[in-house]
Amino acid sequence: MNSGHPISGPTLVRHEGHTARERSTCGWRDRLISHEDTSLSPAAWAHAVDIDGAKLHYHKRTTKLYYVLDGEGSVSLDGVDHPVSKGSLVHIPPGVVHGAKGRMRVLVVGIPDIAEDDYFGAQA
């Protein structure tokens, strides 16, 4: 149904399993929307991540949202472990050292768009 409002830019519909799967700092990720989608000029990125050996790290510019799609575990925020399970949402502002443990699939949304120069490892 057309609402009468014109679409102002490119749109995207992407399905799980239709993107490349790759190793990341937190486990295995599927890039749902990211900087590769240059025609969209995304202001944010979204990855579905299967947590597996997530390393503690932080970002100076990026705010992250973790939404637990399935499973359970914990998210470490500045050294404090917080239990999470399906349906949990975690807000991680810039500068907060974070990582995750457990067996879970997480939708990770980052604002602004992902940048390789905004990843900083942290001592455990």
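Read-outs throughout are calculated quantities, based only on the coordinates presented, and are distinct from any laboratory measurement. Please read all numbers here as calculations on a predicted model, not as lab measurements. Counting neighbours? That spans all protein chains shown, and the Cβs are built from the backbone with ideal geometry, glycine included.
Magnitude of the charge dipole for the chain, about its Cα centre and with charges confined to Cβ atoms of Lys, Arg (+1) and Asp, Glu (-1), is about 140 debye.
Taking neighbour Cβ counts within 10 Å as the exposure measure, how do V106, V97, V49 sort from fewest upward?
V97, V49, V106
Given the options V68, G27, A48, identify the residue whose Cα lies farthest towards the positive end of the charge dipole of the chain (+1 on Cβ of Lys, Arg; -1 on Cβ of Asp, Glu). After comparing all options, I get V68. Taking a ≥ b ≥ c as the square roots of the eigenvalues of the Cα gyration tensor, the range 41-96 is classed as oblate, since a/c reaches at least 1.5 and a/b does not exceed b/c.
Using the count of nearby Cβ atoms within 10 Å as a rough guide to exposure, how do K55, K60 rank from fewest to most?
By the 10 Å Cβ count, ascending: K60, K55.
With R₀ fixed at 35 Å, the C-beta to C-beta distance from A43 to D81 puts the FRET efficiency at about 0.65. Counted residue by residue at 0.36 nm each, then reduced by the alpha carbon distance between them, the extension gain from H35 to A122 reaches 28.9 nm. Ordering T19, T62, T25, T11 by the number of other Cβ atoms within 10 Å of each residue's own Cβ, fewest first, gives T11, T25, T19, T62.
Volume per residue, Å³, of the convex hull around the alpha-carbon atoms of the chain? Numbers along the way, then the final one.
On the way: hull volume 15.6 nm³, N = 124.
Enclosed volume per residue, from the Cα hull, is 126 Å³.
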